[in-house]
Structure formats: structure tokens, C-alpha cells
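The values are calculated or read from the model by the stated rules, or taken from the named source; none is laboratory data. In this text, all values refer to a predicted model and were calculated from it rather than measured experimentally. All Cβ positions, glycine included, derive from the backbone under ideal geometry; neighbour counts span all protein chains shown.
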Amino acid sequence: MAKVQKSRSQRRVRVKTPGGKVTIQYRKRKPAKAKCSECGKELPGVPRQRPYKLQKTAKTAKRPERPYGGKLCSSCTRKLIISKARQ
């Protein structure tokens, strides 16, 4: 893990060392939750991870396996598909 500078913008995590002492480690914060591009609702099934961790995860674990998965929520996807079918 890369060394993170002590800063108020970093999150502080209490870690118990092998000696039994509890120390504070500074770690990077998680990114914001993925949002639907249509309505702005938080997307379920999309992990909150930093890009270097997302590279290591499987493609199927990064977003739902459906059209517009990871971009639109299920209700907006449903509306879009219905509107496209009507045209």
C-alpha cells in the first residue's frame, strides 16, 4: 500500500499493532457512489472503489449485467427500452 501523508482530507483508521497498541493510520477516502445519469439515483451493484482496485476486479463485478448497466438505474433503463420499442 502506498504511503499516505498525514492530512485532514485523509480518513483516519484506528489499527491495532502487533504490540497491542492502537495507532491511527491515514488512508485515502472511498470515491462517491455511482449515480444514474438520467435521474441521479444511486446505482446498486456498482462498487465504491478506487480505480486501481477496480482494475483487479472482474468485469461482471463492476456493474450489473444488463443493457446500460452501470450507467442507468433499472427504472430509467426500463423507460428507455419501452420508448425505443415504440418508435
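Tabulated values for the structure
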| quantity | calculated |
| --- | --- |
| Candidate set: region 5-23, residues that are in contact with a Lys or Arg (Cβ under 6 Å, 6 or more places away or on another chain) and surrounded by 10 or more Cβ atoms within 10 Å (Cβ to Cβ); chosen: the one farthest from T77 (Cα to Cα) | V13 |
| In region 22-51, the residues that are of a type outside the set (S, T, N, Q), within 20 Å of S9 (Cα to Cα) and more than 12 Å from the chain's Cα centre (by Cα) | I24, Y26, R27, K28 |
| Within region 26-42, tally of residues that are among the small types (G, A, S) and under 30 Å from K16 (Cβ atoms) | 1 |
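Conditions (1) modelled with pLDDT under 95; (2) of a type in the set (K, R), marked per residue:
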| residue | (1), (2) |
| --- | --- |
| R8 | yes, yes |
| G20 | no, no |
| R29 | yes, yes |
| P51 | yes, no |
| A58 | yes, no |
| G69 | yes, no |
| I82 | no, no |
| R86 | yes, yes |
